[in-house]
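Single-structure report; data block below.
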Number of protein chains: 2
Amino acid sequence: MLRIAVLGAGVMATALTFPAVENGNEVSLIGTHLDDEIIDSIQATREHPVLKLRVDERVKAYHFADAAKAIEGADVVMSGVNSFGVNWAGEQLASLATPGQTILCITKGMQADEDGTLHILPEVLKKRMGDLADKVHWAAIVGPSIAGELAVHRDTCVVFCGEQQEILDRLAKAYRTDYYHVWTSTDFVGHEVGACMKNIFAFGGGFAAGMLEKAGQADAQYAMYDYTAALFGEGARELKQMVTFMGGDPEVATGLGGVGDMFVTTMGGRNVRAGTYVGAGVPFSQIRNVTMKGITLEGVAAIDVVGEAIEKLTQRGVVAKDDYPLVRALYDIVAHDAPLDLPWKKFFGGEK
Amino acid sequence: MLRIAVLGAGVMATALTFPAVENGNEVSLIGTHLDDEIIDSIQATREHPVLKLRVDERVKAYHFADAAKAIEGADVVMSGVNSFGVNWAGEQLASLATPGQTILCITKGMQADEDGTLHILPEVLKKRMGDLADKVHWAAIVGPSIAGELAVHRDTCVVFCGEQQEILDRLAKAYRTDYYHVWTSTDFVGHEVGACMKNIFAFGGGFAAGMLEKAGQADAQYAMYDYTAALFGEGARELKQMVTFMGGDPEVATGLGGVGDMFVTTMGGRNVRAGTYVGAGVPFSQIRNVTMKGITLEGVAAIDVVGEAIEKLTQRGVVAKDDYPLVRALYDIVAHDAPLDLPWKKFFGGEK
């Protein structure tokens, strides 16, 4: 039995309380300052208003004001905020966490230095935590997992990745149930990079539907799966290339943390919806500022970061100019309002 | 300009006549003895009754009785029959083809010797062609391509694989259009094995829908994408392992001929439909003999062949007993009416 404190009450963080508490762990769910309505709702009726499910009675829900109390003495502190809150979460954990605790991250993404050097998010968190960073253990969860599916006990397979095998074993044991299947890996970098990259390509999963809609062919006899499949294939290639570039094991690409996660992310969600608008011809600046204003788009955020970094890394001669043609095309769409026109001939190492 | 004779008038063989004839090649479509109705229809109205589209006016349609006339003098003879007709096609080509022609295969699958040794289908065709086999050139088309999508000019990316680069270059040039994007590869074995394996895993793409239906949850708030994504990930792993085992380049797995093709095949079709029945609890023998009697299931055929071969290769000590847990589970379902119960803990190298 572990004492687990979860910082952030979003859908994924909350979904993970299900296997955790059912396994006999003691689980606290702490809303950030943005989660007050969620915590109010759970405290009053147990209902998570976004997940639209009842949270297990045994999960204690706290407002952020009570975070210190909830985190004190915990074995595991989960950082459950989204990628936009990582810097904030690091600053909070710097004062709330204590040596010996395990920080378990579920946020996907990367950040880049001015020169384009990319960092996985646990590294970013670490940086914000100062001296404490080396006194806690680090781990993260990746793999194909839709929050609501996990919460209603659908079979879900994930990878707990981190730096120390014994910590991963302890976490896996705490979380494993008959529906939550957990593998472990010390390829921390490889899995985190895979988790970021799959979000990038999932954005493209919406293009075909938008193009068909625009052409008045939403119900046509033949859809555009060939298009999405080719994009998926090139996505897998570039994911693998980036995992390798960042020092991870290329095998990540053909597993849960690679194409498995990319598959589930391509099946739906906000990112795919944003991609559908792109397919229908809406300039991305309009999607960002009007159509989907205020909606968190983790995939787009990843394209912004990685796309810009790749441009800089190319200028520095670290990345070849013909590499990552799909990331570059997506970045052009997202950053420069480029119309959708995939550079097929550049894919798969160049048409030849 | 090439003279292309297509043996078999199924949907995929017919779809490939579109880019071929639009590019100025001379194309003949020859029905097998099973395709008489299709050829009658094309000759009378240009309509392909299964594809439900008009075949280009410039494609000449022939009944099998006129095959010799259509194939004589052709540069390329496409073997467009399905995997069940490969032996037959090889025997026909042995008398119909002539030295110097290129045999272009579009059939996916493998065959096995009594001891479990697996062979790609072009090898099987070769064997049936006797001395002529070494006097013709060999190539095949793989990658995510739904026949109807290609025929209506949806962007489609494929790989022409074969033994000689100059032959592949010639074929690619003949087929490339602004919607049909062609790459080439001399990793013939790797791509053919990938094309067979993706059919195997696509069968599993239907399980989740069937399970939800059986549970009365077809319209539930949360579906089962996590389940299919995990299966997809393990499928990609086993595809890569088999490509490597057969002597192909493992890179095939993360490209068009691997996960790209697996993605499109998982999106629908007869194989996935058969998998849906399995998910709903129907014993496979009933699906094979009653529910889908007479319907060609290439994925199931591949499971039969590869699953049985893996058992034999394991007995011979050539394959480790813990390898290919998903293929083994699918084979159990298909060959022994095993109920659907995926061995999650054996996936991804074993839960650890």
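Every number in this text was worked out from the coordinates using simple rules, so none of it is lab data. Quick caveat: nothing in here was measured; it's all calculated off a predicted structure. Please note: Cβ atoms are built from the backbone with ideal geometry, for glycine as well, and neighbour counts cover all protein chains shown.
Report the antiparallel proportion of the DSSP beta bridges in the protein assembly as shown as a percent, rounded to a multiple of 5. Among the beta bridges of the protein assembly as shown, antiparallel pairing accounts for roughly 25 percent.
Largest GNM mean-square fluctuation across A:Glu123, A:Glu26, A:Glu166, computed for chain A with C-alpha springs under 10 Å, falls on A:Glu166. Each of the peptides B:60-71, B:285-296 was scored by the mean count of other Cβ atoms within 10 Å over its residues; in descending order, highest first, they stand as B:60-71, B:285-296. For the stretch B:267-279, 3J(HN,Hα) computed residue by residue from phi via the Karplus equation (6.51, -1.76, 1.60; θ = phi - 60°) reads 6, x, x, 5, 4, 5, 4, 4, x, 5, 4, 4, x Hz, glycine and proline entered as x. Within the shell of other residues whose beta carbon sits under 14 angstrom from the beta carbon of B:Thr296, the net charge comes to +2, with Lys and Arg scored +1 and Asp and Glu -1.
If R0 is 35 Å, the Cβ-Cβ spacing of A:Lys69 and B:Ala220 corresponds to a FRET efficiency of close to 0.40.
The lysines whose alpha-carbon is closer than 17 Å to the alpha-carbon of B:Lys312, local same-chain residues fewer than 8 away aside, are B:Lys321. Around the amide H of A:Tyr62, modelled in the peptide plane, lie the amide H atoms of A:Leu29, A:Ile30, A:Gly31, all under 5 Å away and 5 or more residues distant in sequence or on another chain.
How well do other chains shield peptide B:148-160, expressed as the mean number of their Cβ atoms within 10 Å of each residue Cβ? Taking the mean over all residues of the peptide, I get 5.
Across the stretch B:198-346, the mean sequence separation of Cα contacts (distance under 8 Å, 6 or more residues apart), normalised by length, yields a relative contact order of 32 percent. Rounded to the nearest 0.05, the FRET efficiency derived from the C-beta distance between B:Glu114 and B:Glu47 at R0 = 51 Å is 0.70.
The value of relative contact order for the stretch B:3-186, using C-alpha pairs under 8 Å at least six residues apart, is 20 percent. Here the translational diffusion coefficient of the protein assembly as shown follows from Stokes-Einstein with Rh set to the Kirkwood radius across Cα pairs; for 20 °C and 1.002 mPa s it amounts to 81 µm²/s. Classify the stretch B:201-315 as rounded, prolate or oblate from the Cα gyration tensor: take a ≥ b ≥ c as the square roots of its eigenvalues, call it rounded if a/c is under 1.5, otherwise prolate when a/b beats b/c and oblate if not. It is oblate, given that a/c is not under 1.5 and a/b is not larger than b/c. What is chain A's relative contact order, in percent, from Cα pairs under 8 angstrom and six or more apart in sequence? Relative contact order comes out at 15 percent. Judged by the mean number of other Cβ atoms found within 10 Å, the most tightly packed of the peptides B:338-344, B:315-321, B:158-164, B:252-258 leads the ranking B:252-258, B:158-164, B:338-344, B:315-321.
Here the extension length gained between A:Ser95 and A:Gln164 equals 22.5 nm, from 0.36 nm per residue of separation less the Cα-Cα distance. Could you tell me which of rounded, prolate or oblate describes the stretch B:1-120, using a ≥ b ≥ c as the square roots of the eigenvalues of the alpha-carbon gyration tensor, with rounded for a/c under 1.5 and, failing that, prolate when a/b is larger than b/c and oblate otherwise? Note, shape of the stretch B:1-120 comes out prolate.
For the set A:Lys345/B:Lys60; A:Lys214/A:Lys345; A:Lys135/B:Lys352; B:Lys214/B:Lys240; A:Lys69/A:Lys135, the pairs lying more than 29 angstrom apart at their alpha carbons are A:Lys345/B:Lys60; B:Lys214/B:Lys240.
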